[in-house]
1. Only bridges with both residues in the chain count here: give the DSSP antiparallel percent, nearest 5.
2. So what's the projected area for the range 580-634, the Cα convex hull averaged over all directions, in nm²?
3. Quick check on packing: order 255-265, 94-104, 498-508, 404-414 by the mean number of other C-beta atoms within 10 Å, highest mean leading.
4. With label points built 7 Å along Cα→Cβ from the Cα atoms of GLU310 and LYS490, find their separation and express it in nm.
5. Restricting to Cα pairs below 8 Å that are 6+ residues apart, what does the relative contact order work out to for the range 126-259? Please round to a whole percent.
6. Grab the DSSP H runs of the chain that are 4 residues or longer, score each as -39,500 (n - 2.57), total them, divide by all residues and round the 222 nm result to the nearest 500 deg cm²/dmol.
7. Counting only complete DSSP H runs, which helices of the chain cover 15 Å or more along their long axis at the Cα atoms and score a mean Kyte-Doolittle of -1.0 or above?
8. According to the Kirkwood expression over distinct Cα-Cα pairs, how big is the hydrodynamic radius of the chain, in Å?
Amino acid sequence: MSNEEKKDISVLLEENRVFKPPEELIKQTNVKKWMDKHGIKDLDELLEKSQDLEWFWGEMAKELVEWYKPYDKVLEWDPPYVKWFAGAEYNIAHDALDKHVRTERKDKVAYIFEGEPGDVKKWTYGELYTEVNKLANALKSLGVKKGDRVGIYLPMHVELPIAMLACAKIGAIHSVVFSGFSATAFSDRLNDCKAKVAITCDFFYRRGKKVSLKKQADDAIKNSPSVEHLIVYKRTGDEVPWNEEKDLWWDEITKNQPAECETEKMDANDLLYILYTSGTTGKPKGIQHAHGGYAVGTAQTLRWVFDLKEDDIWWCAADIGWVTGHSYIVYAPLILGTTSIIYEGAPAFPEPERWWSMIEKHKVTVLYTSPTAIRAHMKLGEEYPQKCNLDSLRLLGSVGEPINPEAWIWYHKYIGKEQCPIMDTWWQTETGHFLISPLPITPLKPGSATKPLPGIAAEVYNEEAEPITNAGGNLVILKPWPGMLRGLYKDPERYENVYWSKFPNTYLAGDVSRKDEDGYFWVQGRADDVLNVAGHRIGNSEVESALVSHPKVAEAAVIGKPHELKGESITAFVVLKKGVEPSDDLKKELREHVGKEIGKIARPDEIGFVNDVPKTRSGKIMRRIIRAKAIGEKVGDISTLANPEAVEGISEAK
Ligand code: PRX
């Protein structure tokens with residue numbers, strides 16, 4: 001970006017400029033058409049009327065999903081437990097697949113897959129349906145039944161949605177683990193939910209290399225006795241280690257299966273999946289989502305926020321291993337009958353313009369990505385998007401972390417050509433779908449996720465549970481929403497404590513936010529000890545536990561530092577065991593150890609050896625103080641610490 005442009009940005013920010021979507025665009029949106037039909041004159045009226053949750057979500061369900069048996073009640077709220085569409089019989093696989101193959105959507109492309117080497121394969125809804133049925137039948141033949149858990153460890157291949165849908169179809173609960181996570185992380189998650197079957201692939205392509213996921217899956221399964229079988233999808237066909245007792249090739253077990261499989265009729269509130277996410281303790285939380293409400297919530301938010309229509313080409317460039325991919329690559333787009341992109345590889349590989357040339361080639365109309373990805377492209381330079389024709393784009397999106405106004409402006413200018421509104425969507429693994437986000441009719445302020453969506457009630461509370469304006473406070477959700485989590489897997493106590501104990505009957509998001517005088521939300525970051533690295537949540541204590549599990553480490557304190565590209569970077573202060581000599585080699589070894597325990601994404605960027613870490617008298621590590629010291633901020637009163645001298649040690653870390 002030139003100096004001139006930087007100046008433009010500062011002027012723009014000082015003016016607090018609002019970007020108003022053009023009238024022409026507003027008129028054509030799904031939301032505006034719906035408002036016209038219901039005699040609703042403007043956004044404020046829509047937001048107000050939609051606070052009648054039973055009416056609003058009942059209407060949405062009518063338009064989006066098909067029940068086997070209708071519900072008795074839209075909402076049963078017994079805080080903190082909810083039932084949406086209580087009494088309905090349902091299966092999300094029906095809306096994602098079965099209903100389409102009865103119509104001409106059968107031959108519509110559901111997924112355009114592009115492999116990193118450049119191979120492209122298009123999957124129609126009909127083809128997807130058949131492959132899901134075959135795998136569902138194969139799972140049944142292995143004894144997988146309704147309620148059983150299946151662990152899935154696959155990268156960005158269409159076989160991942162196929163595996164998820166095959167589970168949903170037979171009523172099994174899937175637990176997908178991000179393919180960038182380590183064998184240990186996969187094994188821990190398999191063990192927590194006692195998965196009966198696991199699914200992986202031989203290899204996948206990443207930055208020109210073949211990554212052997214099968215090998216990692218083997219390492220995991222060695223320590224996961226509940227897993228009876230490992231199904232292996234063949235991506236490259238290269239040789240892999242094989243366990244005759246447990247391993248099964250995907251193509252072999254599906255080959256002779258019938259192409260039809262009856263969809264299990266579930267209670268709308270039965271579980272669809274578990275997805276683990278980091279919390280403030282070392283043990284990840286198993287977030288549970290159910291079929292019915294989740295289907296309505298994800299599909300509704302996608303159709304209004306990203307305004308998807310029949311001929312759109314939708315690219316949510318997240319990984320399916322995270323909630324963004326679960327909701328907005330798999331379930332919502334399929335329910336809406338959308339065509340989506342699935343890309344296997346690294347963003348700027350082999351050329352920096354890879355993404356932009358894919359947009360040109362596949363005529364992508366809506367792109368949804370993270371601020372980290374935008375900043376990385378910004379660093380590479382605007383000459384790369386400028387080489388490609390991006391005229392097909394009409395809307396852009398952002399998720400995962402606050403978007404800094406510089407990145408917002410760059411995205412708007414060089415990707416959207418100042419024609420595409422940017423939907424900055426705030427949500428979480430727990431929420432299942434967007435809760436605070438603009439609609440394409442909403443005036444935008446760069447850096448703000450704007451307002452709670454229709455049918456959502458959010459506030460910023462001070463410590464006394466009073467709504468506050470223009471000051472940082474607790475982001476809370478006041479009423480239930482359809483995609484809300486259904487507790488934590490086998491841990492109701494933690495569920496109630498983490499989310500519902502601070503304010504009565506109110507969901508605590510764990511984020512700090514400010515609400516301005518126009519009611520716009522400015523989410524600033526986590527309020528708790530959870531890091532946000534490149535839009536991904538990692539618990540400080542998770543990294544600390546990984547470090548302490550190394551035989552040479554006595555103690556560790558992990559903090560996040562502001563980082564130009566990733567939002568936050570991980571810094572660890574490590575106390576070594578007696579007699580262990582600090583060295584650069586040991587730093588490397590510890591980094592790799594964390595990579596092995598959790599995954600590459602959690603490896604500390606910096607490690608400093610110290611004699612002690614500051615602690616309270618009760619032994620709690622004072623991360624806030626360590627962070628302030630490490631980034632040169634005011635440390636405040638340290639007289640109550642058990643070891644105040646350790647604070648100075650932080651700046652002397654070696
Ligand atoms: O801190 C918020 C941040 O990401 C957290 C949720 O992380 P996760 O469950 O991994 O889901 C990420 C994708 C939905 C939130 O608590 N976050 C997410 N979106 C935004 C955001 N922070 C600011 N602005 C956003 N748009």
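Please treat every number below as a calculation from the coordinates, not as lab data. If you're wondering where the values come from, they're calculated on a predicted model, not measured in any experiment. All Cβ positions, even for glycine, are placed from backbone atoms using ideal geometry, and neighbour counts span all protein chains on display.
1. DSSP beta bridges in the chain are roughly 60 percent antiparallel.
2. 5.2 nm²
3. On the way: 255-265: 14.5, 94-104: 18.5, 498-508: 16.6, 404-414: 20.5.
Per-residue Cβ counts within 10 Å, averaged per peptide and sorted highest first, yield 404-414, 94-104, 498-508, 255-265.
4. Those two pseudo-labels are separated by 4.8 nm.
5. Relative contact order here is 27 percent.
6. -8500 deg cm²/dmol
7. The qualifying helices are 3-14, 53-64, 125-141, 159-170, 183-193, 291-305.
8. Here the Kirkwood hydrodynamic radius works out to 25.6 Å.
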